[in-house]
Amino acid sequence: MFKPSIEYVSTESVKVQQFAEALKLQQAAQDFRREVEYREAFEQYCQWYYHAAQQTQQEFAATENDVNFFGWFCSSVR
């Protein structure tokens with residue numbers, strides 16, 4: 001039967017410190033990946049929004065010269 005030594009169980013042992021450091025590095029890497037994914041998704045959203053706004057402005061500019069049919073029907077109200 002295995003009996004752990006006190007050195008192995010102690011929080012000050014080298015193996016425990018190395019394991020804790022490895023966990024911290026893994027957590028930092030995971031946090032970094034999440035941050036990169038978030039920023040990439042936000043950049044994609046900003047690009048989509050920019051293009052949608054630009055398209056809307058172009059469509060609006062194209063309709064400014066159209067005939068105002070609604071104005072014809074409402075002109076009698078004035």
* So for segment 12-64, taking the charge dipole from beta-carbon charges (+1 Lys/Arg, -1 Asp/Glu), which of 54, 20, 30 sits furthest toward the positive end? -> 20
* Structure fact -> log10 I(q)/I(0) for segment 12-64, Debye formula on C-alpha points only (no solvent), q = 0.19 Å⁻¹, two decimals, reads -0.74
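Just so you know, all these numbers are worked out from the coordinates, no wet-lab data involved. Computed from a predicted model, the values in this text were never measured in an experiment. Here Cβ is always computed from backbone atoms with ideal geometry, including for glycine, and neighbour counts include all displayed protein chains.
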